[in-house]
Amino acid sequence: MAGEDFREYARLALLREGIEVDDVDLAVMSVAESVYGPEREALMAADFSHVPYEHDLDPSRAPSDAGAER
Amino acid sequence: MNAGSDHPQDLTLREQARAVAAGELDATELLDATLRRIEERDGPVNSIVDTFASESARMLNEAPEGPLHGVPIAVKDMFTLPWRAPRDGAPRNLQGFGPGESAVYRRLRDAGAVIVAVTNMHEFGAGSTGHLSVYGPCATPWDTTRCAGGSSGGSGAAVAARLVAGAVGTDGGGSIRYPSAYCGITGLKLTWGTVPPDGYTHGHASLGAPGPMCRDAADARLLGEALAARPLPEQRATNLRVGVVRTFWENIDPEVHEHCDLAVERLRESGLTVAEVELDGTEFVRIATVLRLGLEGDPYVKPEIWEEIQGEVSPVGRALAKYLSLAPATAVVRTDLVRAQLRRSLARAFGHVDVLAWPMVPAPPPPIADPRVQLPSGEVPADYGNVRQGGIANLSGVPALSAPCGFTRTGLPIALHLLAHWGEDERLLDVAELLEQATERRYVDAVPPLAHATAVS
């Protein structure tokens, strides 16, 4: 989503949550969307069906199901 | 020590600790000299936001014998201290933390250290540049018109300017490592969970971890041991294997690329084995880091505090908070799968190599007035370029280090990024020390113009 479409979406979506936006907000958000929007859309479109969820995620150690001993 | 200087802050952290322990350096004089140097030198970099001479003196009087006995340390504005609430580079912290004993405070105190100052940081920790802060922008001492990095920019700049020899930063998306790269110092993000989260404003997050920021790896080891409350034993690194992940060498400023290539070559010449490694899921590192970093803290924000201070928050910070709230929930859920993929892929890679290496940041520090960087693909916001390089260590939890490895033709620092297996933080320090030796310490001992000018005056 880009340009006026994004600005209108952002304004209405935030208004629905009771969050007001001004022109500065919309300008900054538009830049952010132009930078990060394509990668977010690629993330949404990616096929993760082959990636098992890590049910016991503990960032302090290696995954228990990595399939590699050290 | 600088030629022409006998100031104790021109000593390394370990030299200060040794001299105090041996009775060759009076700890009270060291504290006083540190406070004077901050007063005299910090203006152009704006790295220090608070000093508290009486509380520091009390800490010194009560300091136990320990590896950092009597040594001044600065801490980022994200930790509770008994006499001060953190502000997160903003008018107030959003979680409602008051004064208290954070784990970082306790570990420094128990090591005998003296907390001498609180350092500047990017507003709410939400940026890799340090140019947005309620205290004003923070500059790298290598060029005070350019960013110190973020979010731990003050800690990086304070060490580089030789205001203190050691500072504590935090790293939720690269926030220790970017300012270390921009300021030409050594910064280590410890393995996630090494330091307990209490009293850390982002302690709720699954990405953030504190760590040491010092001039070189030996100092980072000393301060890192105090923070980790465990030894980080030194081991000669020459039998280790380095993995080069080419994805993270793409779209890099040519000078940065060249110096990082040379650094890896120096490691190879020093006896390390170098091999190419591939990782899965790297294309989503940036967006997954941004989404998780931006949203994990949301449930911990007290709405009444946000209401109270939002008028004083920077317009950019306020707008980005609103922007992140637009993220679809399904995108956030997908970041869990990105993490799972990256973590498994890293675990497999560390079955074949001991450390991974690539450029820490894709380009040198950008101007404070316009924090964008020029990459081969074009001009981008510095955050956009940086987070691709650093976010993987936060998504996965592994330790990661920024090691100085060169300078641009205009005298700006360049750094190599090193990552190791969970819990093998000391391997990163071993490799960084080997790199220092292989480059004859010319990058870790370099003195920025600002520090040099006042050191010899």
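Just so you know, all these numbers are worked out from the coordinates, no wet-lab data involved. Only a predicted model underlies this, so the values are computations on that prediction, with no experimental measurement involved. Because the Cβ atoms are built from the backbone with ideal geometry, glycine has one as well, and the counts that use them run over all protein chains shown.
Within region B:376-405, residues that are without any contact (Cβ under 8 Å) to a residue 12 or more places away in the chain sit with their Cβ atoms under 6 Å from residues that are charged (D, E, K, R), at 6+ positions apart or across chains, in these pairs: B:Glu379/B:Arg372; B:Pro381/B:Arg372.
If only one of B:Thr51, B:Thr34 is out of contact with any Phe, Trp or Tyr (no Cβ under 9 Å at 6 or more places or on another chain), surrounded by 24 or more Cβ atoms within 10 Å (Cβ to Cβ) and among the polar types (S, T, N, Q), which one is it?
Result: B:Thr34 is the single residue among B:Thr51, B:Thr34 that is out of contact with any Phe, Trp or Tyr (no Cβ under 9 Å at 6 or more places or on another chain), surrounded by 24 or more Cβ atoms within 10 Å (Cβ to Cβ) and among the polar types (S, T, N, Q).
Residue count for region B:197-230, restricted to those that are outside any loop (DSSP other than H, G, I, E, B) and more than 8 Å from the chain's Cα centre (by Cα): 16. Being within 7 Å of another protein chain (Cβ to nearest Cβ), under 30 Å from B:Leu419 (Cβ atoms), assigned to a loop (DSSP other than H, G, I, E, B) and without any contact (Cβ under 8 Å) to a residue 12 or more places away in the chain: is that true of A:Ala62 here? So A:Ala62 fits the description; yes.
Does A:Val21 satisfy being within 25 Å of B:Leu419 (Cα to Cα), of a type in the set (Val, Ile, Thr), out of contact with any strand residue (DSSP E or B) (no Cβ under 6 Å at 6 or more places or on another chain) and surrounded by 15 or more Cβ atoms within 10 Å (Cβ to Cβ)?
In short, no.
In the list B:Thr238, B:Thr194, which residue meets the criterion of being within 14 Å of chain A (Cβ to nearest Cβ) and either within 14 Å of the chain's Cα centre (by Cα) or touching a residue at least 24 places away in the same chain (Cβ under 8 Å) (or both)?
B:Thr194
Among the residues of region B:379-400, some residue qualifies, meaning at least one is crowded, with 24+ Cβ neighbours inside 10 Å, hydrophobic (A, V, I, L, M, F, W, C) and either more than 14 Å from every other protein chain (Cβ to nearest Cβ) or assigned to a strand (DSSP E or B) (or both).
Take B:Ala420 and decide whether it is among the hydrophobic types (A, V, I, L, M, F, W, C), surrounded by 24 or more Cβ atoms within 10 Å (Cβ to Cβ) and within 16 Å of the chain's Cα centre (by Cα).
Values: among the hydrophobic types (A, V, I, L, M, F, W, C): yes; surrounded by 24 or more Cβ atoms within 10 Å (Cβ to Cβ): yes; within 16 Å of the chain's Cα centre (by Cα): no.
No, not satisfied.
Would you call A:Asp56 among the charged types (D, E, K, R), in a loop (DSSP other than H, G, I, E, B), surrounded by fewer than 12 Cβ atoms within 10 Å (Cβ to Cβ) and within 18 Å of the chain's Cα centre (by Cα)? No, not satisfied.
A:Arg7 satisfies every condition listed in (1) at the interface with chain B (Cβ under 9 Å from one of its Cβ atoms); (2) in contact with a helix residue (DSSP H, G or I) (Cβ under 8 Å, 6 or more places away or on another chain) except (1).
Inside region B:342-374, can you point out the residues that are part of a strand (DSSP E or B), away from every other protein chain (no Cβ under 13 Å) and more than 24 Å from B:Leu429 (Cβ to Cβ)? Scanning region B:342-374 gives B:Pro367, B:Gln374.
Is it fair to say A:Glu39 is buried (at least 18 other Cβ atoms within 10 Å of the Cβ) and in contact with a Lys or Arg (Cβ under 7 Å, 6 or more places away or on another chain)?
Details: buried (at least 18 other Cβ atoms within 10 Å of the Cβ): yes; in contact with a Lys or Arg (Cβ under 7 Å, 6 or more places away or on another chain): yes.
So A:Glu39 fits the description; yes.
Would you confirm, using the coordinates I've provided, whether B:Thr273 is away from chain A (no Cβ under 11 Å), surrounded by fewer than 24 Cβ atoms within 10 Å (Cβ to Cβ) and among the β-branched types (Val, Ile, Thr)? Criteria met by B:Thr273. Per the conditions (1) surrounded by fewer than 22 Cβ atoms within 10 Å (Cβ to Cβ); (2) within 26 Å of the chain's Cα centre (by Cα); (3) of a type outside the set (Phe, Trp, Tyr), the sole criterion not satisfied by B:Ala357 is (1).
Cβ-Cβ distances below 7 Å connect the following pairs, each with a first residue in region B:19-31 that is farther than 16 Å from B:Glu65 by Cβ and in contact (Cβ under 8 Å) with a residue 60 or more places away in the chain, a second residue that is among the hydroxyl-bearing types (Ser, Thr, Tyr) and surrounded by 14 or more Cβ atoms within 10 Å (Cβ to Cβ), and a separation of six or more residues or different chains: B:Leu31/B:Ser56. Evaluation of B:Gly23 against the conditions (1) surrounded by 15 or more Cβ atoms within 10 Å (Cβ to Cβ); (2) at positive phi shows that the sole unmet condition is (1). Of the residues in region B:276-290, none is more than 24 Å from the chain's Cα centre (by Cα), among the polar types (S, T, N, Q) and either within 18 Å of B:Ala205 (Cβ to Cβ) or assigned to a loop (DSSP other than H, G, I, E, B) (or both).
A single entry from B:Pro233, B:Pro254 fulfils the requirement of being more than 14 Å from chain A (Cβ to nearest Cβ), under 23 Å from the mean Cα position of the chain (by Cα), loosely packed, with under 14 Cβ neighbours inside 10 Å and touching a residue at least 12 places away in the same chain (Cβ under 8 Å): B:Pro233.
Scan region B:284-334 for residues that are acidic (Asp, Glu) and either buried (at least 17 other Cβ atoms within 10 Å of the Cβ) or within 7 Å of another protein chain (Cβ to nearest Cβ) (or both) and report the count. Please lay out each step first, then the result.
Here is the first cut: in region B:284-334, the ones acidic (Asp, Glu) are B:296, B:298, B:304, B:307-308, B:312.
After this cut, where a residue has to be either buried (at least 17 other Cβ atoms within 10 Å of the Cβ) or within 7 Å of another protein chain (Cβ to nearest Cβ) (or both) as well, the list is B:296.
Qualifying residue count, region B:284-334: 1.
Does A:Met44 satisfy the condition of being at the interface with chain B (Cβ under 9 Å from one of its Cβ atoms), without any contact (Cβ under 8 Å) to a residue 24 or more places away in the chain and closer than 17 Å to B:Leu320 by Cβ? Spelling it out, it is not the case that A:Met44 is at the interface with chain B (Cβ under 9 Å from one of its Cβ atoms), without any contact (Cβ under 8 Å) to a residue 24 or more places away in the chain and closer than 17 Å to B:Leu320 by Cβ. Of the residues making up region B:335-354, those that are crowded, with 24+ Cβ neighbours inside 10 Å and aliphatic (A, V, I, L, M) are B:Val338, B:Leu342, B:Leu346.
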